[in-house]
Structures are given as C-alpha cells and as structure tokens.
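A short write-up of the structure that comes next.
The values are calculated or read from the model by the stated rules, or taken from the named source; none is laboratory data. Quick caveat, the model's predicted, so the values are computed rather than measured. Every residue, glycine as well, gets a Cβ built from its backbone with ideal geometry; the counts of neighbours run over all protein chains shown. Side chains are part of the model used for accessible areas, which takes the heavy atoms of the whole protein and leaves out ligands, DNA and RNA. Shrake-Rupley method; radii C 1.70, N 1.55, O 1.52, S 1.80 Å.
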Amino acid sequence: MHITLTGSHGFIGTHLRESLESQGHVLDCWDNKIGRNANHIKLLPETDLVIHLSALADVRRSLTEPEIYWTQNVECSQNIFEMCEAKGIKVIYASSSTAREWWRNPYAMSKKVCEQMAPENSCGMRFSTVWGKGARPTMLIPRIAEKNLSYATSHVRDFIHVSDIVSAINLIIQKGCVGVVEIGSGKGVAVDQLVAMNGIDVPIKEGSDAEQDENVLESSSLRTLGWRPQVDVMEVDIKEYI
C-alpha cells in the first residue's frame, strides 16, 4: 500500500515506519524532523491510507501552553480528516487514554475533540502509557532507568511497550478496524511500586488532579482479534527495552 504517515520520525512513528517499510509498504513521511510539517500536508494521488500520529503530548506542558495543543492536535487533525473524507481515504489516528476524562487537561481535551470530529470510517487508537526505545527522556520509564527521580506517585498506569503498539497498529490495518480502539496492556501498575521494584527509594507524593488516577485499557476489541501484548514492564529489565 501507499501510506501517508505523519509523525514518522517521532517515538512511535519511527518504530511503525520501520515495520511498515519492512513489509514493503511505500511511505510518504511527514515530520518536523525531516522538514515536512504535517500542518501543510498534501496527499499524493496514489495514497491508500493515512496514519496520523503527529501530535504534541505531555499533559503537564499542555496546562501552560494550551493554545499550541489546540493548533497542533486539533486543527492539524481536522485538516487531515477533511482531506481524507473528501478523497475517500481511510485515516487511522492516534488518540489517548486521557480522552476518557477529557476535562482534566488541554491535551486530553484535544484528543477527545479529535475522536468527535473524525470521519465515520476512521479508526482512533487510544494508547495507554507507551514506553520503549526513543521515548522522551522526561517520561517516567527513562527516568526510572536512569534513576533520575525525586519522588513517585501512587497513580496506577497501564504501561504498553512500543513494540506492542506497532503490532496492534499492523493488526488494525489488516482487519480494517473502525471507531475508537483501545491499545493497552490491560494491567494496572502503581507508579510507586514500579519505582521501588527498580531500586529507587524516593518520597511518595500525591499526584496532580490534572491526571487520571488510573488509565488501564482492557483492549477487548483487539484481544478478540487475537492480539496480545508481549512485554510486561513488571517482568523485564526495562533497560533492555529502551
């Protein structure tokens, strides 16, 4: 297939790009890192599918810079959705488990809005907490690996490895899934317990009200199709997976 991939050189996009190319798909990549801003995207006539991963993440940053989250996550997505709908091209796009409680922060709201305005034949992917090689160094798992924490919280998180995200997206492509699909491990892990298990002794603090207490995703529709996550953050040496 000819696939347009936004966010192609980001965390998840890099892993997905390598997987799709290894299968022989032809990719038209859009990413700021290669000088192709998805806000100015143009679809090639031969495009069969659009996978839209380009977005700003980071809940805490969205609290101080909500406007850029609206511009990048909502307005950019709206443009892509409208082009795909006009051309009859399916779009698979990144959403987030935060959309379940969209009122907590601007990032979550931007993802919920995308779900509401996406074309009927699209597929929104609600990711839980993704980790793995290439993740931002400020994210929790890299900080645990580097023992760079001053405190932990008792939040419960569903940690899903990026390799399991890629296998899920490949299945979504193959099966033609539509609607909103959850992609998580289905297992809740308390942050303070994960931190302690990795030999880090830090104070436990109450988490921010801007974040969900837990983000466990059962991913029942994908499990019905035979998908299962393969990497359990509580059963591996995380340094070997980042």
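For the range 181-242, with equal point scatterers placed on the C-alpha atoms only and solvent neglected, what are the log10 I(q)/I(0) values from the Debye formula at q = 0.14, 0.18, 0.19 1/Å, to two decimals? So the normalised log intensities are -0.55, -0.84, -0.91. One Cα centroid belongs to the range 1-70, the other to the range 149-167; the line between them spans 22 Å.
DSSP bridge analysis restricted to the range 1-144 gives an antiparallel fraction near 5%, rounded to the nearest 5. Computed 3J(HN,Hα) for the range 74-91, one whole-Hz value per residue from the Karplus formula 6.51 cos²θ - 1.76 cosθ + 1.60 where θ = phi - 60°, is 9, 5, 4, 5, 4, 4, 5, 4, 5, 5, 5, 5, 5, 9, x, 9, 6, 10, glycine and proline marked x. The spread of Cα positions in the chain, taken along each principal axis and listed from longest to shortest, comes to 56, 37, 34 Å.
Carbon-plus-sulfur fraction of the accessible area of the chain, 1.4 Å probe, in percent?
Values: 5590 of 11470 Å².
Here it works out to 49 percent.
Using the Karplus relation 6.51 cos²θ - 1.76 cosθ + 1.60 with θ = phi - 60°, the per-residue 3J(HN,Hα) values for the range 99-105 come to 5, 5, 10, 5, 6, 6, 6 Hz, with x marking Gly and Pro.
Within 10 Å, at most 16 other Cβ atoms, and a DSSP state outside H, G, I, E, B define an exposed site. Report the longest part of the chain free of exposed trypsin sites (Lys or Arg not before Pro).
Counting only loop sites that pass the neighbour cut-off, the longest clear stretch is 148-242.
Say a site is exposed when it is one of the GluC sites (Glu not before Pro), sits in a DSSP loop, and has at most 16 other Cβ atoms within 10 Å; what is then the longest site-free stretch of the chain? Could the numbers behind the result be given before it?
On the way: sites that count: 46, 120, 146, 206, 218, 235.
Value returned for the longest uninterrupted segment is 47-119.
What net charge do the residues around residue 117 carry, taking every other residue with its C-beta under 15 Å from that of residue 117, with Lys and Arg at +1 and Asp and Glu at -1?
Details: positive: 111, 112; negative: 75, 82, 85, 115, 120.
In short, -3.
Amide H contacts under 5 Å for residue 95: 125, 126, 127, restricted to partners 5 or more places along the chain or on a different chain, H placed in the peptide plane at 1.01 Å from N.
Over the chain, accessible surface divided per residue gives 47 Å², non-protein components excluded, 1.4 Å probe. Which residues in the range 131-172 place their backbone N less than 20 Å from a point set 7 Å from the Cα of residue 32 along the Cα-to-Cβ direction? So the set is 134-140. Each residue of the range 191-196 is assigned a 3J(HN,Hα), and the resulting list reads 4, 5, 5, 5, 4, 5 Hz, derived from the Karplus form 6.51 cos²θ - 1.76 cosθ + 1.60 (θ = phi - 60°), x at Gly and Pro. In summary, the range 21-164 shows an alpha-carbon radius of gyration equal to 1.13 times the 2.2 N^0.38 Å reference for compact globular proteins.
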